[in-house]
Each structure stands twice: as structure tokens, then as C-alpha cells.
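Below is one structure, written out as C-alpha cells, with a few remarks after it.
The values are calculated or read from the model by the stated rules, or taken from the named source; none is laboratory data. As the structure is a computational prediction, the values presented were derived from the model and not from experiment. So basically every Cβ, Gly included, is an ideal-geometry build from the backbone, and we count neighbours across all protein chains shown.
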Amino acid sequence: MSSVFDVIVRGGLLMIPIVLCSVVSLAIILERLLRLHRVRKANDAFLKRIRGNIRVGRVQDALAICQASDAPLATIFTAGLRRVEDGEDHTRRAIEDAGRKETAELERHLGGLATIVGGAPLLGFLGTVLGMIQAFQQVEQLGGNVNASVLAGGIWQALLTTAAGLAVAVPTFFAHNYLFSRIQEQVHTMEEKSQELMLLLTTGDESIL
């Protein structure tokens with residue numbers, strides 16, 4: 001059985017960018033999974049600490065707790081608490097702006113995964129087309145002395161890049177969708193808790209958060 005390296009070599013030059021796509025895809029997936037795990041733990045720990053410590057008139061105490069945390073939710077809370085004295089509209093706008101920034105950070109590199117999902121198969125198809133052209137050029141050069149094994153060998157080598165491109169794109173597609181759903185869960189949580197913070201600051205009801 002051919003080794004992976006042999007398969008890559010027989011697939012031609014376009015196997016190189018396809019392999020690079022697989023490496024980049026794996027790196028992004030692992031980095032985002034680790035980041036999401038840390039974000040979830042940090043947000044949970046922050047909420048446990050902040051509950052019962054946000055009080056009307058004790059904004060500085062709450063700010064100190066927020067600034068001591070690296071949780072994205074703490075960053076959003078900090079933005080809102082700093083604008084409490086400016087009124088409800090300014091506070092809400094600050095929370096929304098901070099929320100958009102944190103959402104963008106969570107979604108970082110997802111565009112790269114989407115590009116790989118679309119690009120890897122195209123690279124594979126291009127490699128196959130070029131391989132088929134070479135195979136039929138060989139047929140033309142051999143004239144009538146062509147046997148089935150020669151033609152089949154050229155065709156299967158050409159199809160290697162298509163298989164490789166799809167092998168990269170399919171798992172990347174599912175990983176992208178999984179990461180996106182996990183990110184949306186965190187975004188929903190941050191939006192929900194931010195709205196609860198606004199209600200607490202405007203109503204003074206400490207049971208909200």
C-alpha cells in the first residue's frame with residue numbers, strides 16, 4: 001500500500017496547497033476549541049464571583065471585580081459600568097459595542113475555515129483537470145499503442161487531488177458548523193447576561209443577575 005507521502009507525490013504539485021489547507025484547518029480548529037473552552041470557563045467563574053457583588057451605588061467595587069477577570073463577559077460589564085453615570089442610553093450603547101467586539105474575537109478565523117471548505121475542493125478539481133490533460137496527452141503521444149493500465153494509471157493519479165481536496169473540506173465543514181454553533185451559544189449567554197446587567201442597573205433589583 002502506498003504511503004501518504006507517495007500519494008501526495010503522485011497527486012502532483014497541487015497536493016501541496018491542499019496539504020497546507022489541511023494543516024491550517026487543523027490549527028484553526030484546535031485553537032478555536034481551546035479558546036472557546038477557556039471563554040466558557042472564564043465566563044462561568046466570573047458570573048459566580050460577580051453575583052451578589054453588583055449593587056446600586058457600588059459601581060467601583062463591581063468594576064474592580066470585572067477588571068480582575070479576563071472573561072469576555074467581564075469586558076462587556078466593564079464597558080457598561082464605566083458609563084453608568086452617563087445615563088441608560090450611553091450604558092446600553094457601550095455594552096452593545098463591547099459585545100460586538102467580543103463576538104468578533106470569538107468568530108476570528110472562522111472565515112479562514114469557510115475559505116478552506118470552498119477552496120480545497122476547487123484545488124482538487126483543478127488538479128484533476130490538469131492530470132486528465134496530461135493523461136490524454138500521453139494517450140496522444142502513444143498513438144494506437146495504448147493499453148487500459150496506462151490510461152487507468154493516469155486517471156487515478158489525476159483523481160487523487162479531488163479526493164484529497166474533499167478529504168480536507170468535509171471535516172472542515174463540519175468543524176466550522178460545530179464551532180459556529182458553540183460560539184453562538186456563548187454570544188447568546190453574553191447578550192442575556194448583559195441585558196440582565198442593564199435591568200439591574202436601571203431597576204436596582206439585585207435578584208436579576
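Taken together, the criteria place ALA98 among residues that are in a helix (DSSP H, G or I) and in contact with a helix residue (DSSP H, G or I) (Cβ under 6 Å, 6 or more places away or on another chain).
Looking for something assigned to a helix (DSSP H, G or I), among the basic types (Lys, Arg), out of contact with any His (no Cβ under 7 Å at 6 or more places or on another chain) and at pLDDT below 90 - is there at least one such residue anywhere in segment 35-42?
Kept after step one, since they are assigned to a helix (DSSP H, G or I), are these residues of segment 35-42: 35-42.
Within this subset, residues satisfying the condition of being among the basic types (Lys, Arg) are 35, 38, 40-41.
In the following step, the residues that additionally are out of contact with any His (no Cβ under 7 Å at 6 or more places or on another chain) were identified as 35, 38, 40-41.
Those left that are additionally at pLDDT below 90: none.
Within segment 35-42, none of the residues are assigned to a helix (DSSP H, G or I), among the basic types (Lys, Arg), out of contact with any His (no Cβ under 7 Å at 6 or more places or on another chain) and at pLDDT below 90.
Got at least one residue in segment 74-97 being surrounded by 13 or more Cβ atoms within 10 Å (Cβ to Cβ), under 30 Å from LEU166 (Cβ atoms) and either under 24 Å from the mean Cα position of the chain (by Cα) or of a type in the set (S, T, N, Q) (or both)? No, because not a single residue in segment 74-97 is surrounded by 13 or more Cβ atoms within 10 Å (Cβ to Cβ), under 30 Å from LEU166 (Cβ atoms) and either under 24 Å from the mean Cα position of the chain (by Cα) or of a type in the set (S, T, N, Q) (or both).
Quick one: is VAL146 among the hydrophobic types (A, V, I, L, M, F, W, C), modelled with pLDDT under 95 and outside any helix (DSSP H, G or I)?
yes
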